[in-house]
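Read the structure below first, then the notes.
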Amino acid sequence: MSDNWNLQDDISVDDPEIYELIKKEKDRQRRGLEMIASENFASKSVLQALGSCLNNKYSEGQPGQRYYGGNHIIDQVERLCQARALAAYGLKPEEWGVNVQPLSGSPANFAVYTALVEPHGRIMGLHLPDGGHLSHGFMTNQKRVSATSVYFESFPYKIDPKTGLINYDELEANAKMFLPKVIIAGISCYSRDLDYKRFRQIADEVGAYLLADMAHVSGLVAAGVAPNPFEYCDVVSTTTHKTLRGPRSGMIFFRKGVRRVAKDGTKVMYDLEKKINEAVFPGLQGGPHNHQIAAVAVALKQAATPEFKAYQQQVKSNAQTMCTFLLEKGYTVVSGGTDNHLVLVDLRNKGLDGPRGEYILEEIGIAVNKNTCPGDKSALKPSGLRLGTPPLTSRNLKDDDFVKVMEFFDDAIHLAQEANKDCGPLLKDYKAKLHSPEFKDRVVSLKERVENFAIAFPLPGFEDW
């Protein structure tokens, strides 16, 4: 028996099977065009922090109040991350606090509900088919889909199907009837800016906390190119891996100080810090992932740079270019445009649906995701595609480059229309048609064009993996 625990071998030696899969994924990312709005490419320094020795340490509790010894360095890492988080959004520590321990966005949201809403208490979020998120309480007539809808009573607000915009008047009327404890201002596929001031007015009318889930736009907010939820909200949650371009993690910001002044002049203070911290730990999590927290700190430092602001400005510009192209080519863009990093394309006027559009694009090396559009009856067969610009902008694609990307997109959709003409309703028949001799060579040719274009743009991170 050897006493060599094999702990110093490179992954290529220790586990060549996983190493080869990682290399293949790296090659796929390099040769393809990632257009999924919730994705991005983390920097090399962020990935280095993720792969550091901080992974080894357990640190339940808050800095300075741990349940394990040996955490004096970990405390410094977490406090630095907290300080950088507040600085990134221009927040004063006497007015705001932040918990950087949530493992991702959905756990962060669930921690907020746990802290502020009693079991089966009431919340309101944007309806998932209208651009909301699962964690905002999605349910159907048949099933409580999200755990949020299982443990809390959720009532969705919706968009106006004619305009594709949030119907704030209807939200206000329903909030007055439903009386939620928390109103969520957040999106996963809504391309317009949120009116946080109007949300605040509605929340005040019904005595609700206002939670902004800025997961999708947190990088835009940090760069000052999107509306600032901190001006109006009580709590702000976010992921860190989308427009913020960090690791997969989450953060919860909470207000401190005076919440309101009562009629008798008494100051009613916020009491969010203890509730939220205890909801994260020990309520929902054990030890935080310290390597993630360090990587978040690295990303937050990057977010304070002029280069990051220029990046976010380009993200928005590229989205506008993408939207303009689609409209000029006769595509239906939900809400008629975009204010942020994403566009929702309704393919019904092209005789296609989301799954068919997603599949042909996947076949040529463009990654998007099918998405529900206003009026859809099923999330399993949605009408649209969600397109985002952050990943390709991180590869330094500019407006002219996005015109070329959208030409590939348009060529693929035309190919899909041809293949779908004589197909029935089954997706498998459509897929088979694309792989038939009639279409196979054309699909391969388009994929080669995409790859030849994509490889000219370097991929952030490590060279080979």
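What follows draws every value from the coordinates through simple rules; no lab data is involved. Keep in mind that what you see is a predicted model, and the values were worked out from it rather than measured. Cβ placement follows ideal geometry from the backbone for every residue including glycine, while neighbour counts extend to all protein chains displayed.
Here the contact order of the chain, divided by its residue count and restricted to Cα pairs under 8 Å and six or more residues apart, works out to 22 percent.
Beyond a 23 Å Cα-Cα separation, which of these cross-linked pairs lie in this structure: 329/404; 24/44; 242/431; 350/440; 162/381?
Details: 329/404 14 Å; 24/44 18 Å; 242/431 31 Å; 350/440 21 Å; 162/381 21 Å.
In this structure, 242/431 lie more than 23 Å apart at Cα.
With the convex hull drawn over the C-alpha atoms of the range 1-125, the volume per residue is 242 Å³. With the gyration tensor restricted to C-alpha atoms of the range 83-143, the semi-axes of the equivalent ellipsoid amount to 28, 14, 11 Å, longest first.
Here the contact order of the range 39-113, divided by its residue count and restricted to Cα pairs under 8 Å and six or more residues apart, works out to 16 percent.
Considering only 434, 180, 296, the residue lying farthest towards the positive end of the dipole of the chain is 180, judged by Cα position with unit charges set on Cβ. In µm²/s, what is D for the range 334-443 at 25 °C and 0.890 mPa s, where D = kT/(6 pi eta Rh) by Stokes-Einstein and Rh is the Kirkwood radius from Cα pairs? Approximately 167 µm²/s, per Stokes-Einstein. When each of the peptides 426-439, 249-262 is scored by the mean number of other C-beta atoms lying within 10 Å of its residues, the order from highest to lowest reads 249-262, 426-439. Sequentially through the range 21-38, phi angles give Karplus couplings (6.51, -1.76, 1.60; θ = phi - 60°) of 5, 4, 4, 5, 5, 4, 5, 4, 5, 5, 7, x, 10, 7, 10, 7, 5, 8 Hz, Gly and Pro residues having no value and appearing as x. Note on residue 73 and residue 410: their simple-model spin labels are 5.5 nm apart, each label 7 Å out from Cα toward Cβ. Multiplying the residue separation of residue 455 and residue 261 by 0.36 nm and subtracting their alpha-carbon distance yields 63.9 nm.
Normalised by 2.2 N^0.38 Å, with N the number of residues, the alpha-carbon radius of gyration of the range 53-303 equals 0.99. Alpha-carbon geometry of the range 257-414: the Rg and the Dmax are 21.7, 67 Å, given in that order.
If you take the beta carbon distance between residue 5 and residue 150 as r and set R0 to 45 Å, what does 1/(1 + (r/R0)^6) give as a FRET efficiency, to the nearest 0.05? The pair residue 5/residue 150 has a calculated efficiency of 0.55. With a cut-off of 19 Å on the backbone N, the residues of the range 359-398 near the modelled label site 7 Å out from residue 307 along Cα-Cβ are 390-398. Each of 342, 326 was scored by other Cβ atoms within 10 Å of its Cβ. Arranged with the fewest first, they read 326, 342.
Most tightly packed first, judged by the mean number of other beta-carbon atoms within 10 Å of their residues, the peptides 389-402, 288-301 read 288-301, 389-402.
With 10 angstrom as the radius, rank 268, 206, 77 by how many other C-beta atoms surround their C-beta, starting from the fewest. Least to most surrounded, the residues fall as 268, 206, 77.
You can think of it this way: the chain between residue 19 and residue 445 has 150.4 nm of extra reach, that is 0.36 nm per residue less the Cα-Cα gap.
Take the Cα radius of gyration of the range 240-292 and divide it by 2.2 N^0.38 Å, N being the number of residues; the result is 1.61.
Only aspartates and glutamates eight or more places from residue 433 in sequence, or on another chain, were considered; those with a Cα closer than 18 Å are 353, 358, 362, 363, 411, 418, 422, 441.
A simple rule links phi to the HN-Hα coupling: the Karplus curve 6.51 cos²θ - 1.76 cosθ + 1.60 with θ = phi - 60°, which for the range 444-449 gives 4, 4, 5, 4, 5, 5 Hz, with x for Gly and Pro. At q = 0.06, 0.11 Å⁻¹, work out log10 I(q)/I(0) for the chain with the Debye formula, treating every Cα as an identical point scatterer and leaving solvent out; two decimals please. Treating every Cα as an identical point scatterer, log10 I(q)/I(0) equals -0.28, -0.95. Residues 465, 96, 5, arranged from fewest to most other Cβ atoms within 10 angstrom of their Cβ, appear as 5, 465, 96. Relative contact order, whole percent, for the range 313-454 stands at 25, derived from Cα pairs under 8 Å and 6 or more residues apart.
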